[in-house]
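This report refers to the structure that appears directly beneath it.
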Amino acid sequence: MEIASDKQAGNIVLLDVRGICTFADYFVVCSGESQRQIHTILEEIEKTLKKEGVLPHHLEGAPDTGWLLLDYGDIIIHIFSPEERAYYDLDGLWGQAKVVVSIQ
């Protein structure tokens with residue numbers, strides 16, 4: 001979450017989805033205001049976690065689509081443009097999840 005925050009990601013939320021989701025324990029959901037910012041957030045997350053020896057199992061989406069997903073197994077990171085975040089509404093879809101941290 002700090003990595004995304006350091007790159008000016010907005011509306012960062014860490015959701016505890018244990019007990020309501022079978023494929024992950026936590027979701028990190030954040031927003032970037034432009035394709036460039038979304039790409040920068042992605043690069044910084046990958047670079048920082050790689051230094052720790054943590055590699056994603058799967059990457060989906062692209063900055064130009066306004067949506068990226070990084071699957072780190074128990075943690076899934078979603079990076080959205082504001083429009084795509086409103087469209088997919090993961091915050092509402094996983095409304096039963098416990099909000100662990102929220103950074104506006």
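When you check residue 48 against the structure, is it in contact with a helix residue (DSSP H, G or I) (Cβ under 7 Å, 6 or more places away or on another chain), in contact (Cβ under 8 Å) with a residue 12 or more places away in the chain and surrounded by 13 or more Cβ atoms within 10 Å (Cβ to Cβ), yes or no? Yes, satisfied.
Comparison of 65, 22, 40 shows that the only residue that is surrounded by 15 or more Cβ atoms within 10 Å (Cβ to Cβ), among the β-branched types (Val, Ile, Thr) and farther than 20 Å from residue 102 by Cβ is 40. With respect to being touching a Lys or Arg at 6+ places or on another chain (Cβ under 9 Å), among the hydrophobic types (A, V, I, L, M, F, W, C) and either at pLDDT 90 or above or surrounded by fewer than 15 Cβ atoms within 10 Å (Cβ to Cβ) (or both), residue 97 fits the description.
Condition first: assigned to a loop (DSSP other than H, G, I, E, B), surrounded by 13 or more Cβ atoms within 10 Å (Cβ to Cβ) and free of Cβ contacts under 8 Å to residues at least 24 places away in the same chain. Can you find one or more residues in the range 73-90 that meet it? Checking the range 73-90: not a single residue is assigned to a loop (DSSP other than H, G, I, E, B), surrounded by 13 or more Cβ atoms within 10 Å (Cβ to Cβ) and free of Cβ contacts under 8 Å to residues at least 24 places away in the same chain.
The values are calculated or read from the model by the stated rules, or taken from the named source; none is laboratory data. Since we're looking at a predicted model, the values are computed, not measured. Methodologically, a virtual Cβ is constructed for each residue, glycine included, from the backbone with ideal geometry; neighbour enumeration extends over all protein chains shown.
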